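Beneath this line is the structure, given in structure tokens, with notes to follow.
The values are calculated or read from the model by the stated rules, or taken from the named source; none is laboratory data. Predicted model, so just to flag it, every value in this text is computed and none were measured. Cβ coordinates were reconstructed from backbone atoms using ideal geometry, including for glycine residues, and neighbour counts include every protein chain displayed. Heads up: the accessible areas ignore ligands, DNA and RNA and are worked out on the full protein's heavy atoms, side chains in. Shrake-Rupley method; radii C 1.70, N 1.55, O 1.52, S 1.80 Å.
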Amino acid sequence: MKYLVMVQGSQADYEAMSGKAPQDGPVWSEKELQAMFAFMGEVTNDLAESGELIDAQGLTEPAQARFVSKDQDGRPVITDGPYGETKEVLAGYWLLECESLERVTAIAQRVLECPGPEGLVEPPVVIRPVQDSSGGEC
């Protein structure tokens, strides 16, 4: 079964990692950033070695994103990020092929062990099974 394992974040999280003090959390030091990147790299390398990794990517900050929707008349509405109505967005992901939900849950629990600055409140890691596309449904 394929699973998408997602790490969430906010614009404030990205700013804290670049040294700007958020209202409700710590600023990341260079040492803490390097520890986080090393940890995430180790998780990704281990998943590649086990044959479970299909893809993994970190995403840019919400300020570099674009939101495309429709207005009431069906016309496109394009908004540059960050979006005030969205507290947290997808910050990065792993696309995995795992033998069971229990295995992918253990991986998500490991991701939660990622180091960070004192006082950091991390959002949960989200697991979503990838729908089997062989059934022809959208």
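Things to note:
- Considering only 14, 53, 41, the residue lying farthest towards the positive end of the dipole of the stretch 1-132 is 14, judged by Cα position with unit charges set on Cβ.
- Shape call, the stretch 12-83: gyration tensor on alpha carbons, a/c limit 1.5: oblate
- For residue 91, residues with placed amide H under 5 Å, excluding near neighbours: 7, 8, 9
- Distant-in-sequence amide H partners of residue 54 (H built 1.01 Å from N, under 5 Å): 95, 96, 97
- Accessible surface, the stretch 1-132, averaged per residue in Å² (probe 1.4 Å): 65
- Cα-based equivalent ellipsoid, the chain: semi-axes from gyration tensor eigenvalues, Å: 26, 26, 11
- Taking a point 7 Å out from the Cα of residue 55 in the direction of its Cβ, the residues of the stretch 85-116 whose backbone N falls within less than 15 Å of it are 91-97.
- Karplus-derived 3J(HN,Hα), 6.51/-1.76/1.60, for each residue of the stretch 40-45, Hz, glycine and proline x: 4, x, 5, 4, 5, 4
- All lysines inside 29 Å of residue 2 as judged from Cα atoms, apart from same-chain residues fewer than 8 positions distant: 87
- Here the Karplus relation 6.51 cos²θ - 1.76 cosθ + 1.60, evaluated at θ = phi - 60°, turns the backbone of the stretch 54-68 into coupling constants of 9, 7, 8, 8, x, 10, 6, 4, x, 4, 9, 8, 9, 10, 10 Hz, with x for every Gly and Pro.
- Karplus-derived 3J(HN,Hα) values for the stretch 12-28, using 6.51 cos²θ - 1.76 cosθ + 1.60 with θ = phi - 60°, are 4, 4, 5, 5, 5, 6, 9, x, 8, 5, x, 5, 10, x, x, 8, 7 Hz; glycine and proline are entered as x.
- Average Cα contact separation per residue, the chain, under 8 Å, 6 or more apart, as relative contact order %: 43
- Taking amide H as placed 1.01 Å from N in the peptide plane, residue 28 has its amide H under 5 Å from the amide H of 17, 19, each at least 5 places away in sequence or on another chain.
- About its Cα centre, the dipole of the stretch 4-138 is roughly 340 debye, where the only charges are +1 on Lys and Arg Cβ and -1 on Asp and Glu Cβ.
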